[in-house]
Each structure stands twice: as C-alpha cells, then as structure tokens.
Amino acid sequence: MVLRRQREPLALADIAVPEPKAGEVLIRIEACAVCRTDLHIVDGELHEPKLPLVIGHQIVGIVEQGAGQFRPGDRVGVPWLGWTDGECRYCTTGRENLCIRARFTGYTIDGGYAEYCVADARYCFSLPDGYSAEEASPLLCAGFIGFRALRLAGDAQRIGFYGFGSSAQILVQVARAEGREVYAFTRDGDEEGQRFARAMGAGWAGGAGRRAPEELDAAIIFAPVGNLVIAALRNLAKGGVVVCAGIHMSDIPSFPYELLWGERSIRSVANLTRDDGRQFLERARRTRIQTRREVFTLEQANEALARLRAGEIVGTAVLRIAA
Ligand SMILES: [Zn+2]
Ligand SMILES: [Zn+2]
C-alpha cells in the first residue's frame, strides 16, 4: 500500500521485494500495527516524507535473509527508529532518539504496510515468547514510546492518561504492575472508551473536561489535542509534569501562569532509543501485555486509517499481512 502523495489515500500496488544491503535483514511481514503517526504522515502534518513511501513502523515478521544476530526463520520486530549516525552530539551522549540525521521506518525509510521490508539489523528487536505477531506489533511503538513517556513521568503515583488508545491500553498495564494509579480521560461523553479504560485497569475514567477525583502527580497526553495540555495542568499537583507523547499536536492555547506555577512542567517525548525498546520488552516478558485489537487486511489499510482518524478504533488497529 503505497503513499504517492500526502493527503491522498494509499494505493494498492505491486512493488519489487526490496534488496537488503550489508547489515540489513530481509523480512516477510506478518503484521503491522497502525500508529497515529501514520495518519500524521498521510495527512501532511509531518513534512518531507520519502515519496513514494510505504508507511508503517510497528512491524513483526520472519527473517528471510539474515544479518547481525538474526538468522532466517527468526521472528523480528522493526520499530520507528530505523538508523542513527552514532556520532552526533546526541548519539554520543546516550540520546540517539534526538539524532540529527536519524532515519525513521515508514517515514524516511519504507515501512511495513507491505509484504516485505528490509531493516538495519542493529535497530531490530527479538520479541518475547508467547506473543503472536498481531499481539507483538503494537508493542513496537505504542509500547516503546509510551514506555519512554511513562519513565519521563518519573515516580508519579497518580497518573492521568489523556486519550485512551493503543499506547494507553498497554501503558496502563505497566503502570498498574508498578503499583501506580491510572486516571483515564477520554472524549466527553465517550462512554465506551471510558468502559474500555476501566476494563484495562484504569481506576477512574471520565471526560477530558472533568476534574480528576485526586490531584495528579503526572499526566501523559496521548491524543493530538493541544487543549488537553491545559486540562491536564488544571489537574496537576505541585511539582507535577505533563508529558506530551505524540509527534504532532494542535496548538496549545495560552493559559494563566498560575497553572504552571508551583514547579509544574510540560515536556515532549521524541522517538525512542534502542535502550527504551530493550527495557520495555524485558517488562513485556514479565508482565504479559493484553491488547484489544481490530484486525484489517493489508488492502483495508485506508479503512483502518479512516477509522483511526474518526476516533472509531477501540484499542489498536493491526494489519494482518501474511496468509
Ligand atoms: Zn546522531
Ligand atoms: Zn508510532
């Protein structure tokens, strides 16, 4: 499914199986989970993608041609971070997520809305046993970058999640396993979303305009809506942090300084490091992550994106690719 131009639907096309270069694995793709970032690329909110482009950066598949530690027949996961230079001021200080020359799967490198892809073996992951391809695929971005957001929330005991989709349904389980309390905020009146959040482990769920029953130590904003930053600040205890987990968000309106006063802070999360991925997968080995998924075929990718854009997906949308 090829993106030829932004703001156009993906087109079903026959394309050549990619040729792996030195250090790259060739992967027969089994599943690719859909991320909101895919929508931002298609809708033109992220600029200068490779074109034509195969989007998709939560890839699980079987290695057909090995490289690095991967052998033919291994199951492998390919995340958003596809390549870094290893030598810039960020890479050399443990912050490869900020690399100035980073390349990203399904954005500046062809990704997983296809039957085959190639990937630099150094950025691929072995996956925990006991997860099917469809179960493992949302771990690769919703899990990895969500986990980075959770770590940046520090040791907060009471955490608000604004937007309860693919990432939140995974992170609520990690937060609960760490003994934290999760308060889920969804669209006002979204009863189904609030029921879903409670079913996945949130101790409280309500509309995004609501006052939390307790002051929150941190909030993570998963929905791409700038207003939510202010809604979250209003619920935040002194010293608390609002972590913006998405790659794109509508403008944050101005707000009175007193909402920030008391050493509250607002920060973003950008991409992932391979260490985030390793730490999260280690967690997913110990805490079996359950996800609610809506499965589509590769040819239904535009429908999956449309349903995500309309807020109709409960849980995660996943493309099932291999027969
Ligand atoms: Zn770098
Ligand atoms: Zn993503």
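Scan region 84-101 and tell me whether some residue there is within 14 Å of ligand 2 (Cβ to nearest atom) and within 16 Å of residue 277 (Cβ to Cβ).
The answer is yes; a qualifying residue exists.
For every residue, the table says whether it meets (1) more than 26 Å from residue 291 (Cα to Cα); (2) crowded, with 22+ Cβ neighbours inside 10 Å; (3) at pLDDT below 95; (4) among the aromatic types (Phe, Trp, Tyr).
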site	(1), (2), (3), (4)
7	yes, no, no, no
11	yes, no, no, no
32	no, yes, no, no
37	no, yes, no, no
49	yes, no, no, no
53	yes, yes, no, no
60	no, yes, no, no
75	no, no, no, no
85	yes, no, no, no
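Name the residues in region 12-36 that are in a loop (DSSP other than H, G, I, E, B) and either within 18 Å of the chain's Cα centre (by Cα) or within 16 Å of ligand 1 (Cβ to nearest atom) (or both), would you? Show your work before the answer.
Within region 12-36, the first condition is being in a loop (DSSP other than H, G, I, E, B), and the residues that meet it are 12-23, 34-35.
Within region 12-36, 34, 35 meet the criteria.
Considering (1) within 16 Å of ligand 1 (Cβ to nearest atom); (2) over 18 Å from residue 144 (Cα atoms), say which one residue 74 fails and leave the rest.
Here residue 74 clears every test but (1).
Filter region 85-100 for residues that are farther than 18 Å from residue 124 by Cα and among the charged types (D, E, K, R) and give the result.
87, 89
What are the residues in region 119-145 that are within 14 Å of ligand 2 (Cβ to nearest atom) and not in a helix (DSSP H, G or I), if any? Can you show your working first?
Taking region 119-145 first, the residues within 14 Å of ligand 2 (Cβ to nearest atom) are 137-145.
141, the sole residue that qualifies.
Only one of (1) modelled with pLDDT of 95 or more; (2) more than 18 Å from the chain's Cα centre (by Cα); (3) not β-branched (Val, Ile, Thr) fails for residue 197. Which number is that?
It fails just one condition, (2).
Of everything in region 52-82, what is within 22 Å of the chain's Cα centre (by Cα), more than 13 Å from residue 272 (Cβ to Cβ) and not small (Gly, Ala, Ser)? Give them in sequence order.
Within region 52-82, the subset within 22 Å of the chain's Cα centre (by Cα) is 53-62, 75-82.
Those left that are additionally more than 13 Å from residue 272 (Cβ to Cβ): 53-56, 59-62, 75-76.
Selection gives 53, 54, 55, 59, 60, 62, 75, 76.
Condition (residue is over 30 Å from residue 179 (Cβ atoms) and more than 16 Å from ligand 1 (Cβ to nearest atom)) applied to region 83-101: is it met by at least one residue?
So the first thing to find is which residues in region 83-101 are over 30 Å from residue 179 (Cβ atoms), and the list is 83-93, 96, 98-101.
Filter once more, keeping what is more than 16 Å from ligand 1 (Cβ to nearest atom): none.
Among the residues of region 83-101, not one is over 30 Å from residue 179 (Cβ atoms) and more than 16 Å from ligand 1 (Cβ to nearest atom), which makes the answer no.
Consider only pairs whose beta carbons are under 6 Å apart and that are at least six residues apart or on different chains; among these, list those whose first residue lies in region 250-269 and is touching a residue at least 24 places away in the same chain (Cβ under 8 Å) and whose second residue is in a loop (DSSP other than H, G, I, E, B) and among the β-branched types (Val, Ile, Thr).
Taking only residues 6 or more apart or on different chains, the pairs are 250/225.
The values are calculated or read from the model by the stated rules, or taken from the named source; none is laboratory data. Please read these numbers as outputs of a predicted model, since none were measured by experiment. Heads up, the Cβs are rebuilt from the backbone with ideal geometry, glycines too, and the neighbour counts pull from every protein chain shown.
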